[in-house]
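To start, the structure under review is shown below, and the notes come after it.
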Amino acid sequence: MTKYDVIIIGGGVSGLSCAITLGSAESKVEEASQKKTLVIDAGKSHLKMAQLYNVAGVDEGTIGIELLESLKQRAQGYKNVSVEDGVVSSVSGESGNYIVKTDADETYETDIVVFANGMQTIDVEGIGTPVVEHIRAPRPGMVMIDNEGGVIADKKYVTGCAAGAASMFSSAAGYGAQTATDIISSWVGKCTVIHDVCKKN
C-alpha cells in the first residue's frame, strides 16, 4: 500500500486548487519537496455544469468542464501530485496514519486527509464530525462538514464548499489554496505562503 503525505477527497475546484498549491511548493519549500499528494476524484464536480462569466482571470463564457480538465492537468503537471478516479467510502485511523478506502476496495495510507466533497452529498464514514446544513447555501438541502477554521481534527482538514465556502468558483478555489497553505505551514513550522514572482531579466 502506497503511503501519501496528503490525500484530497474530491477533484473539484477546491480539491484541485489545494493540490496545485501543494504541488507548486515542491520546488520552493524544502520541507515540501518530497511530499506526495493524491487526489481521489468521484467525478461529480458542479463545475461540469457551469459556464463562467464572473471569475477574475478567467475569460467570460469559459466552459466549466474545460476549466476543470485544465485544473486537473495542471495539478498532474507537478511530479508529486497524482489524480485517480474513485469514490471514497471511509476514512479510519489516526493523525499521521489515516486509511482511506474507496467503494472499489482500493486502500490508501496517508498522514493528512483533506475533505473536498462539495456541498450536495457528503457520504463518507469516519469524518469525525457531523455533516450539517450549509451556512451559505443558495437553496435548501445543501450540506457541509462541521469544522473550526477548516480543521476537523489533527491532520484532518475540510475545504471549499464542504467547509462552508459559497458555491462560486473563486470562493472554492481560494479556500483550497488556503488549506494547502495551512498544510505547508505545518510542515515548515511557521506561516508560509507560496508566492510566484516575475523572473529578473
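In the structure shown, do any of Lys36/Lys101; Lys44/Lys199; Lys3/Lys28; Lys28/Lys48; Lys44/Lys190 have a Cα-Cα gap over 29 Å, and if so which?
On the way: Lys36/Lys101 18 Å; Lys44/Lys199 38 Å; Lys3/Lys28 23 Å; Lys28/Lys48 32 Å; Lys44/Lys190 35 Å.
Beyond 29 Å between Cα atoms: Lys44/Lys199; Lys28/Lys48; Lys44/Lys190.
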* GNM flexibility winner over the chain from Gly128, Gly15, Gly160 (Cα, springs under 10 Å) -> Gly128
* Over the alpha-carbon set of region 23-140, work out the extent along each principal axis and list the three values in angstrom, largest first. => 43, 41, 27
* Across the Cα atoms of the chain, what radius of gyration and what greatest pairwise Cα-Cα distance (Dmax) are found, in Å? -> 16.0, 54
* Asked: Could you give the dipole magnitude of the chain about its Cα centre, charging the beta-carbon of Lys and Arg +1 and that of Asp and Glu -1, in debye to the nearest 20?
  -> 600
* Asked: Taking every DSSP beta bridge that has both residues in region 3-188, what percent is antiparallel when rounded to the nearest 5?
  -> 50
* Asked: Separation between the Ser89 and Lys44 pseudo-spin-labels, each 7 Å from Cα along Cα→Cβ, expressed in nm?
  -> 1.5
* Structure fact -> Computed about the Cα centre, the charge dipole of region 129-201 from +1 Lys/Arg and -1 Asp/Glu charges at the Cβ has a magnitude in debye, to the nearest 20, of 320
* Structure fact -> Among Val151, Ala163, Leu71, the residue whose Cα sits farthest towards the positive end of the charge dipole of the chain, when +1 is placed on the Cβ of each Lys and Arg and -1 on the Cβ of each Asp and Glu, is Leu71
* Among Thr179, Thr21, Thr107, which one moves the most in a GNM of the chain with springs linking Cα atoms closer than 10 Å? -> Thr107
* **Inter-probe distance in nm under a simple model that places probes 7 Å from Cα toward Cβ, at Ala153 and Lys79** => 3.5
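Quick note: the coordinates plus some simple rules give every number you see, no bench work behind them. All figures in this text were calculated on a predicted structure; none of them were measured in a lab. Note that each Cβ is placed from the backbone with ideal geometry, even for glycine, and that neighbours are counted across all protein chains shown.
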